[in-house]
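Right, one structure below, let's go through it.
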Amino acid sequence: MKNRLCLIILIASLSSSQAQSVLRHELALSFGVGGNLAFNNFVGGGEFLQSTITYSGMVDYSLWRVFSLGVAATTQSFDVSSLNHPVNVVTKTNVGIRPVFHLNSAPGSLHDIYLGGRIGHTFWSGYSDPPGSYSFESALQYPVSFQLIFGFTYYPVRFLGINVESGAFGPYLLHLGLKFRAGKSAN
């Protein structure tokens, strides 16, 4: 009964004329580069790991000022070299969904501070030289990823922003990029 009452109040508030101020109708696209902690590390057993930067793209849609839902994709390559196997390349590509809560939702704000999460699936691929000389099975054991994200975007102009995002436990540790937005709050 209490849940039904809360739902009725929510629907009534969204249908009122005052609720137009909480609606956002915004589409944001972000493209950037980033990285994680595995840039250049000695793995052990004579192996050395070197990773490239992480390339990422995100699309978020906001119906309300305080919440957006989006999809994100990242890709990164790792070179694993050793004396026995000089060329081994592993590539991971992660695709996920990201619910995001916007902590400052004032209309016309030049900055956006947000907190959210990302649930995704990681696709691993690789090759070795000579072929078959390196096993990628350990990387394939954990295809599901979870990530906590915290980000900040500054909009020097209404439709273009500079984006910094930090992630814990997921496909990247840091993302730096440009964010393009269109919609009600970008006008």
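In the stretch 85-105, what residues are in contact (Cβ under 8 Å) with a residue 40 or more places away in the chain and more than 18 Å from F146 (Cα to Cα)?
Hits for the stretch 85-105 are H85, P86, V87, N88, V90, H102, S105.
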## Note on the structure
Filtering strands (runs of 3 or more DSSP E) wholly in the stretch 1-84 for at least 2 residues that are modelled with pLDDT of 65 or more gives 23-35, 47-51, 54-64, 67-81
### Summary
Within the stretch 151-187, residues more than 11 Å from the chain's Cα centre (by Cα), among the small types (G, A, S) and in a strand (DSSP E or B) come out as G161, G177, A182, G183
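Just give me the residues in the stretch 102-137 being basic (K, R) and at pLDDT below 95, in sequence order. Step through it out loud before you land on a result.
Let us first name the residues in the stretch 102-137 that are basic (K, R), namely 118.
Within the stretch 102-137, none qualify.
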### Query
What number goes with the only condition from (1) surrounded by 15 or more Cβ atoms within 10 Å (Cβ to Cβ); (2) at pLDDT below 90; (3) hydroxyl-bearing (S, T, Y) that T93 does not pass?
(2)
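The values are calculated or read from the model by the stated rules, or taken from the named source; none is laboratory data. Keep in mind the model is a prediction, meaning the values are calculated, not measured. Note: ideal-geometry Cβ built from the backbone for every residue, glycine included; neighbour counts use all protein chains shown.
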